[in-house]
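Here's the structure, in structure tokens; my notes come after.
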Amino acid sequence: AYNSYIDTLNSAQLKDFDYIEIPFELLHYDETVLERVAKKPLILHCASLSLAGYTEPSDVIKTAIKKWVEKTKTPWLGEHLSYILAEKLDDNLYEEYAPGEPYNIGYTVGPVMNTASVDHVIANVHRYEEMMGVPLIVENSPLYFRAPGSTMTQLEYINTICANSPVELLLDLTHFYISSRNFSFDPFAALET
């Protein structure tokens with residue numbers, strides 16, 4: 001994943017990596033980042049589509065994501081499987097914990113995990129894959145609480161989405177570990193499942 005550490009890696013160290021993951025939101029804010037990360041093929045990661053949410057991102061954001069999909073030649077577009085929207089509201093509106101950051105996406109919030117939500121996510125996957133021209137890959141979000149109305153575990157929810165759509169899973173191990181601690185499940189047994 002892109003961070004300032006990437007700039008310190010030499011070509012011998014970079015050979016151990018296949019891709020560098022870069023957030024769309026960062027590129028959207030500062031196009032010059034592309035010059036610094038063009039050392040390896042890029043994976044575009046996004047927090048602006050809100051696949052599991054019901055708030056449609058603006059046309060400006062969707063157009064900008066499409067532009068960066070094409071410009072980075074990303075083989076797929078990563079997106080969080082959560083309620084999240086990272087629209088920049090005001091140049092001077094920053095949360096206290098992230099002064100000067102171009103976007104504050106805050107915490108990802110796990111969606112209501114039930115069959116209606118599964119159907120909604122699958123419809124969004126199809127729609128955005130067609131719109132963006134690349135496959136989507138979903139990332140598990142950390143779970144802090146069980147959303148009211150949920151009838152599935154996160155494991156059942158993600159497995160159902162992946163089994164019934166073309167989407168693949170980007171397994172964030174830190175998010176997975178946080179969820180296992182918050183919900184007292186064995187992460188190794190869950191990985192096997």
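The values are calculated or read from the model by the stated rules, or taken from the named source; none is laboratory data. The structure displayed is predicted, hence computed values, not measured ones. Using ideal geometry, Cβ is built from the backbone for each residue, glycine included, and neighbour counts are taken over all protein chains shown. With ligands, DNA and RNA removed, areas are computed over all heavy atoms of the protein, side chains included. Shrake-Rupley method; radii C 1.70, N 1.55, O 1.52, S 1.80 Å.
Normalised per residue, the accessible area of the chain is 55 Å², obtained with a 1.4 Å probe and no contribution from ligands, DNA or RNA. First measure r as the distance between the Cβ atoms of residue 33 and residue 164, then evaluate 1/(1 + (r/R0)^6) with R0 = 35 Å and state the FRET efficiency to the nearest 0.05. Efficiency computed from Cβ-Cβ geometry: 0.45. Computed from backbone phi, the HN-Hα couplings of the stretch 164-169 come to 10, 8, x, 6, 10, 10 Hz, rounded to whole numbers (Karplus: 6.51 cos²θ - 1.76 cosθ + 1.60, θ = phi - 60°; Gly and Pro given as x). Accessible area of residue 7 (1.4 Å probe, protein heavy atoms only, ligands and nucleic acids ignored): about 70 Å². Note on residue 11: accessible area approximately 100 square angstrom, rounded to 10, probe 1.4 Å, nucleic acids and ligands left out. Dividing the helix sum by the residues of the chain, where each DSSP H run of 4 or more adds -39500 (n - 2.57), gives a mean residue ellipticity at 222 nm of -11000 deg cm²/dmol. By DSSP, the beta bridges lying fully in the chain are antiparallel in about 5 percent of cases.
Using C-alpha pairs under 8 Å with a sequence gap of at least 6, the mean separation divided by the residue count of the chain gives a relative contact order of 17 percent. Number of Lys-Lys pairs in the chain with C-alpha atoms under 28 Å apart and a separation of 8 or more places or on different chains: 22. Taking only Cα atoms, what is the 0 to 90° angle, nearest 10, from helix 154-163's long axis to the longest principal axis of the chain? Relative to the chain, helix 154-163 is tipped by roughly 70 degrees. Can you give the local net charge around residue 14? Use residues other than it whose beta-carbon is closer than 9 angstrom to its beta-carbon, Lys and Arg +1, Asp and Glu -1. Local net charge: +2. Estimate the FRET efficiency between residue 188 and residue 7 by the formula 1/(1 + (r/R0)^6), using the beta-carbon distance for r and 45 Å for R0, to the nearest 0.05. With a Förster radius of 45 Å, E is 0.80. Looking at the stretch 1-68, which trypsin sites (Lys or Arg not before Pro) are DSSP coil and have at most 15 other C-beta atoms within 10 Å of their C-beta? The qualifying sites are 15, 39. Label positions at residue 123 and residue 151, each projected 7 Å from the Cα along the C-beta direction, are separated by 1.7 nm. The stretch 27-56 and the stretch 118-193 have Cα centres lying 20 Å from one another.
Within the accessible area of the chain, the carbon and sulfur atoms contribute 55%, probe 1.4 Å, all protein chains present. With every protein chain in place and a 1.4 angstrom probe, the accessible-area ranking of 126, 28, largest first, reads 126, 28.
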